[in-house]
Amino acid sequence: MTGHDELRCMLMRGGTSKGAYFLAGDLPADPAARDDLLLRVMGSPDPRQIDGMGGAHPLTSKVAVVSASEHPEADVDYLFLQVGVDAPEVSDRQNCGNLLAGVGPFAVERGLVPAGEAETSVRIRMVNSDDLATATFPTPGGRVDYTGDAEISGVPGTAAAVVIEFPPGGSPLLPTGNVRDTIAGTEVTCVDNGMPTVLLAASDLKITGYEAPKDLEEDLALADRLREIRLTAGRLMGLGDVEHTTVPKMTLLAPPRDGGAVTTRTFIPVRCHTSIGVLGAASVGAGLRIEGAVGHDLARLPDGDRLRIEHPTGFLDIETSVADGAEGARPVARRTAVVRTARKIFDGTVFPRSAGTAPVRHAQGENG
Ligand code: NQM
């Protein structure tokens, strides 16, 4: 498409997030031009995103860019871009396991992957983290069927299950090399099972861990403390200066209240998540299983791989297993799997705000 003054776009709910899905070939190849265009598509920067498709929250200001993959074990490449709401920023420094749920169906809808007669498995390379995932979902008669009886917390009603399997990733599970670190007088565990995450005990921060996200967001002393810990944790985790990035996430842990393994409140990193990210939950799940980690003792860990992570609007069930590393080395993640749902909301043409109407700040990693 020339000029990019209008472009093909599918709006999808992926898990508990919502985002604009594009074929890579429909966007400018140059990352700076692409990011400028996406800010104009989403209506950023503006706290209400009134002039674009964004939903005025980080969880609804997301973009998936999908293309055929050259990776021998993947069908498609998925690049996730977090579009700032009130800041003119587009970041590829984090991955998103929620929009991931829509990538397989979108790939079939756009003809990148042929549909099976009953169900289809799409092998996805997540470009941001260079990890792989396989998503399996129903395609009766060769068409994606979004209807079904799977229910996930944070989404009203039911939809078809998208089962996502993650093979063990390449990054170390404990990026600082330690099971625990002490940062600004607070005990933390820095863990990465798909999403760099800092685990903290809510009680160490003088909160219960059961507060509503809005109340936590209004606690300015808590925000300052989390910011200080996060900046140091980011450096210790090898992420460099994380002032303008959305990773690491900060997850506050408390004992479970509703029959799950643990209760969570997650900062992503300034707004408090209304539920929890998929890969964030995978990191929490793996972290809790490590003896000596923050949260291990306050969690109720059942037998088997499945853990119920409680969050502000319900729970997320995640299957994780962790093994001891060879010869006393640090533990490694063995397997992670999750059930999500996704839905096509509209497919059509989006008309971005005209160019040159706002500045762009690029907060990009090596993929940008
Ligand atoms: O952790 C929010 C979300 C996410 C990311 C965030 C995600 C994940 O809920 O896999 O999905 O942590 O910024 O979509």
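The values are calculated or read from the model by the stated rules, or taken from the named source; none is laboratory data. Everything numeric in this text was worked out from a predicted model, so none of it was measured. Neighbour counts are summed over all protein chains in view; Cβ atoms, including those assigned to glycine, are modelled from backbone coordinates with ideal geometry.
Some observations on this one:
- Counted residues, segment 196-209 - those being part of a loop (DSSP other than H, G, I, E, B) and under 13 Å from Thr264 (Cβ atoms): 3
- With respect to the conditions (1) within 13 Å of the ligand (Cβ to nearest atom); (2) surrounded by fewer than 20 Cβ atoms within 10 Å (Cβ to Cβ); (3) in a strand (DSSP E or B), Glu187 falls short on a single one, namely (1).
- Taking the criterion of being in contact (Cβ under 8 Å) with a residue 60 or more places away in the chain, over 12 Å from the mean Cα position of the chain (by Cα) and outside any loop (DSSP other than H, G, I, E, B), the residues of segment 267-287 that qualify are Val284, Gly285, Ala286, Gly287.
- Filtered residue count, segment 242-277, keeping only those that are under 20 Å from Pro58 (Cβ atoms) and out of contact with any Cys (no Cβ under 8 Å at 6 or more places or on another chain): 21
- Pairs where the first residue, in segment 84-96, is in a loop (DSSP other than H, G, I, E, B) and the second is among the β-branched types (Val, Ile, Thr) and more than 13 Å from the ligand (Cβ to nearest atom), C-beta under 8 Å, 6+ apart: Gly84/Val90; Pro88/Val360; Asp92/Val127
- Qualifying residue in segment 218-232 (condition: out of contact with any helix residue (DSSP H, G or I) (no Cβ under 9 Å at 6 or more places or on another chain) and within 14 Å of the ligand (Cβ to nearest atom)): yes
- Scanning segment 191-226 for residues that are touching a residue at least 40 places away in the same chain (Cβ under 8 Å) and surrounded by fewer than 15 Cβ atoms within 10 Å (Cβ to Cβ) yields Ser203, Thr208, Tyr210, Ala212, Lys214.
Every residue, every condition in (1) out of contact with any helix residue (DSSP H, G or I) (no Cβ under 6 Å at 6 or more places or on another chain); (2) of a type in the set (A, V, I, L, M); (3) more than 16 Å from the ligand (Cβ to nearest atom); (4) not assigned by TED's automatic domain parsing to the domain that holds Phe267, yes or no:
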{"site": "Gly15", "(1), (2), (3), (4)": "no, no, no, yes"}
{"site": "Ala20", "(1), (2), (3), (4)": "yes, yes, no, yes"}
{"site": "Leu38", "(1), (2), (3), (4)": "yes, yes, yes, yes"}
{"site": "Lys62", "(1), (2), (3), (4)": "yes, no, no, yes"}
{"site": "Asp92", "(1), (2), (3), (4)": "yes, no, no, yes"}
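- Against the list (1) part of a strand (DSSP E or B); (2) at pLDDT 95 or above; (3) among the charged types (D, E, K, R), the condition Arg334 fails is (2).
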